[in-house]
Amino acid sequence: RAKQSGRNRFGFFTADLEARTARALQIENALRRALERNQFELHYQPQVSLATRQVVGAEALLRWKHPELGMVSPAEFIPVAESSGMIVAIGEWVLNTAVHDAKRWLDLQLPLRAVSVNLSAVQFRHPQLPEMVTRCLQQAGLPARRLELELTEGAAVDDPAAALAMMDQLHDRGVRLSMDDFGTGYSSLSYLKRFQIYKLKIDQSFVRDLDDDANDRAIVSAIIRMAQALGMQTTAEGVETDGQLEFLRAQGCDEGQGYLFSRPLAADAFEAYLREHLGR
Ligand code: C2E
Ligand code: MG
Ligand code: MG
Ligand code: MG
């Protein structure tokens, strides 16, 4: 009997694994054609100053709509794009599109202090990254200080010395760097102080339960105080309630991003949002 249920469990597990592998293969094949078929779109989520409630920036978030697969979440296709190397070409499309959009808004007198673009660890290890970033900025005519690149802690763990050199190169080109999902990875504090990081983005897993979890409140206020002591800005991710907003503001967090302010919006909807919130 034990044997049988063991076999059933194994059989179930295998079928599940096969289904997941088939889906990953399907995604990988479809992803190969996605760029040329114009299936990608960027959505933008406002980043709001907690002191003034002004929109100060926006994070570009990649969306993929496939005719049969439907909307595929970046959480599902970004890992496939990374393991297949396609993330380099996709990432260049993202950067190009985001800096052109930011330049258009600047020219329309709808200035964002900066547009933020996510960089995967694979892109971050690519030796041509600084040249690619500069080329995109020059083609769009966007000043480098208007671009922020979001790295995750994973980008720096394998080879901290190489990460340090890459951050220095990007920083020297005038681009701002932020550490995304801060607190969920393996970054060592001894490296953090040496990295050219402008901003820490407090991961939404610490923000979600702020209203009723004293441990999360302790962690978040410690991150904010550490960032202040190191001369870094802070942005809280996943802000959904007034209670979270009040706590974050009282602790001196600089900016918030989350459904309380707005969901990520398609470019034209985001432009309308900017007109409404920047005024004039
Ligand atoms: P992330 O960079 O940490 O982006 C924040 C995620 O939180 C986004 O999910 C956003 O839609 C979601 N979010 C924002 N506000 C709230 C909120 O109030 N509540 C909740 N529950 N969620 C909120 P999304 O767009 O599905 O992206 C997931 C991840 O995919 C991103 O996490 C990022 O790691 C990756 N990603 C997205 N676009 C790109 C891209 O262009 N390049 C790369 N390399 N990664 C990307
Ligand atoms: Mg991000
Ligand atoms: Mg994040
Ligand atoms: Mg995340």
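The values are calculated or read from the model by the stated rules, or taken from the named source; none is laboratory data. Everything numeric here is computed off the predicted structure, so don't read it as measured data. Glycine gets a Cβ as well: all are built from the backbone with ideal geometry, and neighbour counts include every protein chain shown.
Only a single item in (1) closer than 28 Å to THR52 by Cβ; (2) among the small types (Gly, Ala, Ser); (3) at pLDDT 95 or above is not met by ALA214, and it is number (1).
Taking the criterion of being without any contact (Cβ under 8 Å) to a residue 60 or more places away in the chain, of a type in the set (Phe, Trp, Tyr) and under 23 Å from GLY141 (Cβ atoms), the only residue of region 79-130 that qualifies is TRP93.
Among the residues of region 41-54, is there at least one that is under 30 Å from PHE247 (Cα atoms), without any contact (Cβ under 8 Å) to a residue 40 or more places away in the chain and under 22 Å from the mean Cα position of the chain (by Cα)? Scanning region 41-54, I find at least one residue that is under 30 Å from PHE247 (Cα atoms), without any contact (Cβ under 8 Å) to a residue 40 or more places away in the chain and under 22 Å from the mean Cα position of the chain (by Cα), so the answer is yes. Picking from residues in region 167-203 that are over 29 Å from GLN138 (Cα atoms) and among the aliphatic types (A, V, I, L, M), the one that is farthest from ligand 3 (Cβ to nearest atom) is LEU189. Restricting attention to region 229-263 and to residues that are under 22 Å from TRP105 (Cα atoms) and in contact with a helix residue (DSSP H, G or I) (Cβ under 8 Å, 6 or more places away or on another chain), the residue that is surrounded by the most Cβ atoms within 10 Å (Cβ to Cβ) turns out to be GLY256. Could you go through region 74-90 and let me know if any residue there is of a type in the set (Ser, Thr, Tyr) and surrounded by fewer than 20 Cβ atoms within 10 Å (Cβ to Cβ). Within region 74-90, one or more residues are of a type in the set (Ser, Thr, Tyr) and surrounded by fewer than 20 Cβ atoms within 10 Å (Cβ to Cβ). For region 145-164, which residues satisfy the criterion of being modelled with pLDDT under 95 and more than 16 Å from ligand 2 (Cβ to nearest atom)? Correct list: VAL157, ASP158, ASP159, PRO160, ALA161, ALA162, ALA163, LEU164. Taken as a whole, region 119-126 holds at least one residue that is away from ligand 2 (no atom under 16 Å from the Cβ), farther than 26 Å from SER49 by Cβ and surrounded by fewer than 17 Cβ atoms within 10 Å (Cβ to Cβ).
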